[in-house]
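Colleague: If you scroll down you'll find the structure; I have some questions about it.
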Amino acid sequence: MPYLGVKPADEFTSKDLNGEELILDADADTTITADTDDQIDIRIAGADDFSFKANTFEVQTGSNIDMNGTELILDANGNTSITADSDDQIDIKIAGADDFQFTANTMSVLSGSTLNIDSGATIANSGTATGFGLTGVTTGSGNVTITSGNLIVASGNGIDFSATADSGGTMSSELLDDYEEGSWTPAIVGGTQVISSIGRATYTKIGRMVTLHVYVSQSTETDATALTWSGAPFTSAGYGNSGLVEFYGNTSGSPILCRVGESATVIYFYKCDVNQGQITQTQNDTHTIFTLTYEAT
């Protein structure tokens, strides 16, 4: 072995070990060796722990790098890093933002970050794991079943039926983008009659079609003013929608129809006869019951 004792600095400018082992401790089990070309091996306590090759640092089997909670910086400007300063938790920061977090058996995508699955990639349960995928959502035989929670669709989006066959007419949309149900408050416009109580005034909207269900009581005052209601929950797209009305105490001698005004939220009432005249508030009626479906804008 070449002499490695202490020499003056001017003599110890370099030393060629020629692949021989450099022993560092008293019991000779901690060494540095370069007996393989272009490779430096570090042995500690008799175990091969680390190797250096061109542009590569290797941690050998059975060895580890203990960061002890210190941030491991990965890029040149120091804003992309891996940290484990909380017990049993790994945090990944990219471009200065906390993006991902790993804890025991859990990977979390943090607020403001995105888990992107490339086109053609598949998320699959390769074993028999349970609870795989979205909580409350199951799949099978081409179907998706939501057992807990709701399917929430952003405004302006919906269920697209464009894969189905079209009618013989001119199709304008195959997107079901709205559903709503609730109550509304009808009121008599002008005259002396008023709606005294509302037993039911509800609506259901599916797409653009609105269906009203009404059962109200109105006062018995009489007036020659045409009977018109206000308060329909959605503006109509036009004429052509009507419903049959049941008046208790109807003295007109004819069935009564109702419809929503064109591009309006008012409802008109008409005699179903050859004249189709609008009825007035002279009807001494105590209850009004009808179901009306119309198209909204």
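The values are calculated or read from the model by the stated rules, or taken from the named source; none is laboratory data. Predicted, not measured: the structure shown is a model, and the values here were computed from it. Methodologically, a virtual Cβ is constructed for each residue, glycine included, from the backbone with ideal geometry; neighbour enumeration extends over all protein chains shown.
Colleague: Just wondering, is there one or more residues in region 217-225 that are out of contact with any Cys (no Cβ under 9 Å at 6 or more places or on another chain), of a type in the set (Ser, Thr, Tyr) and closer than 30 Å to Ile152 by Cβ?
Modeller: no
Colleague: Further question on the same structure: Just to check your reading of the model, which residue among Thr204, Thr222, Thr192 is surrounded by 11 or more Cβ atoms within 10 Å (Cβ to Cβ), within 18 Å of Cys258 (Cα to Cα), of a type in the set (Val, Ile, Thr) and in contact with a strand residue (DSSP E or B) (Cβ under 7 Å, 6 or more places away or on another chain)?
Modeller: That would be Thr204, the only listed residue that is surrounded by 11 or more Cβ atoms within 10 Å (Cβ to Cβ), within 18 Å of Cys258 (Cα to Cα), of a type in the set (Val, Ile, Thr) and in contact with a strand residue (DSSP E or B) (Cβ under 7 Å, 6 or more places away or on another chain).
Colleague: Kindly indicate the residue of region 145-174 that is farther than 20 Å from Thr135 by Cβ and β-branched (Val, Ile, Thr) and also surrounded by the fewest Cβ atoms within 10 Å (Cβ to Cβ) among those meeting that condition.
Modeller: Thr170
Colleague: Something else now. Quick test of your reading of the structure: Leu292 fulfils all but one of (1) touching a strand residue (DSSP E or B) at 6+ places or on another chain (Cβ under 6 Å); (2) modelled with pLDDT under 80. Name the failing condition by number.
Modeller: Only one criterion is unmet by Leu292, namely (2).
Conditions (1) of a type in the set (Ser, Thr, Tyr); (2) on the phi > 0 side of the Ramachandran plot; (3) outside the structural domain of Leu257 (by TED's automatic domain parsing), marked per residue:
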residue	(1), (2), (3)
Ala163	no, no, yes
Asp166	no, no, yes
Leu175	no, no, yes
Met209	no, no, no
Ser217	yes, no, no
Ala224	no, no, no
Gly231	no, yes, no
Leu244	no, no, no
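Colleague: Determine which single condition Tyr239 fails, assuming it passes every other condition in (1) part of a loop (DSSP other than H, G, I, E, B); (2) touching a residue at least 60 places away in the same chain (Cβ under 8 Å); (3) aromatic (Phe, Trp, Tyr).
Modeller: (2)
Colleague: Out of (1) within 22 Å of Gly243 (Cβ to Cβ); (2) surrounded by 15 or more Cβ atoms within 10 Å (Cβ to Cβ), what's the single condition that is false for Ser197?
Modeller: Here Ser197 meets the rest and fails (2).
Colleague: If I ask for residues that are touching a Phe, Trp or Tyr at 6+ places or on another chain (Cβ under 8 Å) and aliphatic (A, V, I, L, M), which ones from region 199-225 would you list?
Modeller: Result: Ala201, Ile206, Met209, Val210, Leu212, Val214.
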